[in-house]
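Note sheet for the following structure.
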Amino acid sequence: MFQRNKDSFAIAIKLVQNLKLITITSFLIINILLSIASANEKQLTLIYAGNMPDIGTSTFGTYSKLASLLKANRAENSPTIFAFAGGSLGPSPLSSLDKGTHIIDILNTLEPDLMTLTKREFSYSEDELILRSYEAAFPIVSSNIYDPASQKNLEGVSSIYIAEKEDIKVGFISVLDEEVVEEYLLSRIQVLEPKEIIQQQIAYLKQRKVDLIILTYAKDRDYYHTLISEKQIDFALRVLPTAEQNKQTEPPQNVYAIATNAPFIALKIRWDAHSSDKNLTIDIPKLNRSTLARDQATSQLIDEYNQRLNRLLNQQIGVWGTQIDTSRSLVRTQEIAFGNLVADSIKSYMNTEIALINAGDIRGDRRYTKGSPITRRDIITEIPFRNTVTKINITGAQLKEALEHSVSELDQIKGRFLQVSGLSFTYTLEKPPYNRVVSILVNQEPLVATKTYSLAISNYLAKGGDGYDVFMHNANQNNNAHKSPLISDIVTRTIQHMQYISPSVENRIVQDKQ
């Protein structure tokens, strides 16, 4: 009996020992598997920022706060890539003077891994962008630009870029909107349809065995979402156009956007480096931009720029005698008082019968209260482009064609919408584009299609900007437009002369809703 109990006890001891061995072995196996999984997993922080042309105080984010965000993330263990989305070299009060040089200077201190291009980078011509590219201590990337003179990309711009951090390689493809050529009167370059180019770039990046392929763009296309769903690219970064920012729509999967009210985001990215599916996960920590600390060194640099600008532009030139609203959604869709002020000013200066100013020239997107002072800064903020005014002669038929173009894309809030002086017109949205203008009066008289009228417009419109080819074909254009002052200077002189400024809406542009 005693021997049987002893044998049972020995068996029990052996079982416990075996269980311990199994447990230890299992623990070791689990740890080995976890180590393998950990070795396979890669992590990356991507800071994406842009659409920041104004270096002054902003509700939604400043360069000094962006600098603080970058420092915090770069101090963490995972590698960090900073991609700047552009949209910032212009227009702004200071850019109207230095054409974006100060933005490059500030970015150089923030050390982006790359900068991509949007339409705004062409605010002051291709040649100025080339100069900015040589001032930049970082690559500038755009994949579908073609310069016929060199038969390659614009000088100083790269077609593709691979950012390398530690053992991680990320390929960036950046697409520019084709309409930039028309909107910014670009004569040197072509912007190619991107589909074939993107496929070529994807093939190249896969040959280089990059970890991630990222597409950046502004104008949305179904094709881009197909690339994501087919896993030809891993995800996309987008600068959300202003017209889309107020739409309450669910963002497409794996497309991460910045906007005016959210100019920078941080993406925490993880993936399995040895899996064909990658098992990619992207988290976006919520940023409270209002409480982000300001980086002292960046703030000091910005303050120096603003102090110089203040000395130039803070001079009071008049007083608003009424409330003024230059909101983008208004100036591009209807008659506004400030638009009347600008159009009246250039009409008076050029001594013409009528005047037209495209809404895209008015960029302030601000409100001014009655009795508030008007400064030079206000006017250069509202009219930041360096456009001059010119005088041409057009027929009544050509004027109607221009007004039809003005109201052809109202739903898209385009800069082609015209603010007018010396005329009034009625249009309807019940008819198709280019057949919407119902009636036109020039100085209270019905338009005569065969009559010739003198017209004051910007040199931008005279060259066919915003699709106004009707002005290009006029044989009576004034070739001395370069001798004219800037439109912003003409408006400033008007305000200085009048002092108390009370423009109003006068039913110059009326929508027929019947």
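Read-outs: derived from the displayed coordinates by stated rules, not from any lab. This one's a predicted model, so the numbers in the text were calculated from it and none came from an experiment. Here Cβ is always computed from backbone atoms with ideal geometry, including for glycine, and neighbour counts include all displayed protein chains.
Relative contact order, percent, of the stretch 315-511 when contacts are C-alpha pairs under 8 Å separated by at least 6 residues?
34
Show me the ranking of peptides 486-498, 319-331 by mean Cβ neighbours inside 10 Å, starting with the highest. All intermediate terms of the calculation are to be shown ahead of the outcome.
Working: 486-498: 19.4, 319-331: 17.6.
Order by mean packing, descending: 486-498, 319-331.
Between GLN496 and GLU409, with labels modelled 7 Å along Cα→Cβ, what's the label distance in nm to one decimal, could you check?
Result: 3.7 nm between the two label points.
Considering only DSSP states other than H, G, I, E and B, which GluC sites (Glu not before Pro) in the stretch 404-461 qualify as loop sites with at most 12 other Cβ atoms within 10 Å?
On the way: sites: GLU404, GLU409, GLU430; in loops: GLU409, GLU430.
Taking the stretch 404-461 and a limit of 12 other Cβ atoms within 10 Å, the loop GluC sites (Glu not before Pro) found are GLU430.
Based on the Cα atoms of the stretch 144-256, what semi-axes does the equivalent ellipsoid have, where each is the square root of 5 times one gyration tensor eigenvalue, given in whole Å with the largest first?
Working: eigenvalues 106, 94, 28 Å².
Equivalent-ellipsoid dimensions as semi-axes: 23, 22, 12 Å.
Dividing the Cα radius of gyration by the Kirkwood radius, what Rg/Rh value follows for the chain?
Working: Rg = 29.6 Å, Rh = 26.0 Å.
With Rh from the inverse mean 1/r over Cα pairs, Rg/Rh is 1.14.
Please give every one of the aspartates and glutamates within straight-line cross-link reach of LYS65, meaning a C-alpha to C-alpha distance under 20 Å, and leave out same-chain neighbours fewer than 8 residues apart.
Partners found: ASP54, GLU76, ASP105, GLU111, ASP113, ASP295, ASP303, GLU304.
Amide H neighbours of LEU176 under 5 Å, at least 5 residues apart or on other chains, H built in the peptide plane: list them.
SER143, ASN144
Please list 3J(HN,Hα) in residue order for the stretch 388-394, calculated via the Karplus relation 6.51 cos²θ - 1.76 cosθ + 1.60 where θ = phi - 60°; whole Hz, with x for glycine and proline.
Each residue's phi maps through the Karplus curve to give 9, 10, 9, 10, 9, 10, 9 Hz.
Starting from the Cα of GLN43, step 7 Å toward the Cβ, then list every residue of the stretch 254-273 with an amide N under 13 Å from that point.
268-271
Where both partners of a DSSP beta bridge lie in the stretch 315-511, what percent of those bridges are antiparallel, to the nearest 5? Kindly include the intermediate steps, with their values, before the conclusion.
Working: 24 of 31 bridges.
Roughly 75 percent of the DSSP beta bridges within the stretch 315-511 come out antiparallel.
Between ASP512 and ASP54, what's the calculated FRET efficiency when r is the beta-carbon distance and R0 is 35 Å? Round to 0.05. Write down the numbers at each step before the final one.
On the way: r = 38 Å, r/R0 = 1.09.
The pair ASP512/ASP54 has a calculated efficiency of 0.40.
Indicate, rounded to the nearest 5 percent, the antiparallel portion of the DSSP beta bridges found entirely in the stretch 89-233.
Details: 8 of 16 bridges.
Around 50 percent of the beta bridges assigned by DSSP in the stretch 89-233 are antiparallel ones.
If I take all pairs of Cα atoms in the stretch 367-446, what percentage of them are more than 21 Å from each other? If you can, show how the numbers build up before the last one.
Details: 1481 of 3160 pairs.
So the portion of pairs separated by more than 21 Å is 47 percent.
Report the Stokes-Einstein translational diffusion coefficient (µm² s⁻¹, integer) for the stretch 41-305, Rh taken as the Kirkwood radius over Cα pairs, at 20 °C with viscosity 1.002 mPa s.
Diffusion coefficient, whole number: 114 µm²/s.
So if R0 is 30 Å, what FRET efficiency would GLU230 and GLU182 give, r being the distance between their Cβ atoms, rounded to the nearest 0.05?
Numbers: r = 32 Å, r/R0 = 1.05.
Efficiency at R0 = 30 Å is approximately 0.40.
Which whole-number percentage describes the relative contact order of the stretch 294-432, with Cα contacts under 8 Å and a sequence gap of 6 or more?
On the way: 175 pairs, mean separation 46.9, N = 139.
Reported as a whole number, the value is 34 percent.
Run through the stretch 127-211 and list the GluC sites (Glu not before Pro) located in a DSSP loop whose Cβ has at most 11 other Cβ atoms within 10 Å. Present the calculation step by step, with values, prior to reporting the outcome.
Numbers: sites: GLU128, GLU135, GLU155, GLU164, GLU166, GLU178, GLU179, GLU182, GLU183, GLU196; in loops: GLU155, GLU166, GLU178, GLU179.
Filter output for the stretch 127-211: GLU166.
Report the extension gain between ASN310 and ASP222 in nm, rounded to one decimal, defined as 0.36 nm multiplied by the number of residues separating them, less their alpha carbon distance. Kindly include the intermediate steps, with their values, before the conclusion.
On the way: separation 88, 0.36 × 88 = 31.68 nm, distance 4.55 nm.
Length difference between fully extended and current span is 27.1 nm.
Mind scanning LYS119/LYS206; LYS195/LYS219; LYS219/LYS286 and naming the pairs with a C-alpha gap bigger than 20 Å? Write out the running numbers ahead of the final one.
On the way: LYS119/LYS206 29 Å; LYS195/LYS219 13 Å; LYS219/LYS286 25 Å.
Check vs 20 Å cut-off fails for LYS119/LYS206; LYS219/LYS286.
Tell me, what HN-Hα J-couplings in whole Hz come from the Karplus equation 6.51 cos²θ - 1.76 cosθ + 1.60 at θ = phi - 60° for each residue of the stretch 103-114, using x for Gly and Pro?
Karplus values, whole Hz, x for Gly and Pro: 5, 4, 4, 5, 5, 4, 6, 8, 6, x, 6, 6.
Grab the alpha carbons of the stretch 315-511, take their convex hull, and tell me the volume per residue in Å³. Walk me through the intermediate numbers first.
Numbers: hull volume 20.6 nm³, N = 197.
Dividing the Cα hull volume of the stretch 315-511 by its residues yields 105 Å³.
Between ARG74 and LYS370, what is the label-point separation in nm under the 7 Å Cα-to-beta-carbon projection?
Taking the two extended label points, one gets 5.1 nm.
Taking neighbour counts of Cβ atoms within 10 Å as a proxy for exposure, in what order, fewest first, do TYR48, TYR434, TYR224 appear?
Details: TYR48 24, TYR434 11, TYR224 21.
Ranked by crowding around the Cβ, least crowded first: TYR434, TYR224, TYR48.
Working out 0.36 nm times the residue gap between ARG294 and SER504, then minus their Cα-Cα distance, what length gain in nm do you get to one decimal?
Length gained, ARG294 through SER504: 71.5 nm.
Let me know the number of lysine pairs in the stretch 315-511 closer than 20 Å at the Cα, not counting same-chain pairs under 8 apart.
For the stretch 315-511, the number of qualifying lysine pairs is 16.
With label points built 7 Å along Cα→Cβ from the Cα atoms of LYS169 and ALA137, find their separation and express it in nm.
Calculated label separation equals 2.7 nm.
Using only Cα atoms, find the angle between the long axis of helix 126-135 and the longest principal axis of the chain, and express it within 0 to 90 degrees, rounded to the nearest 10.
40
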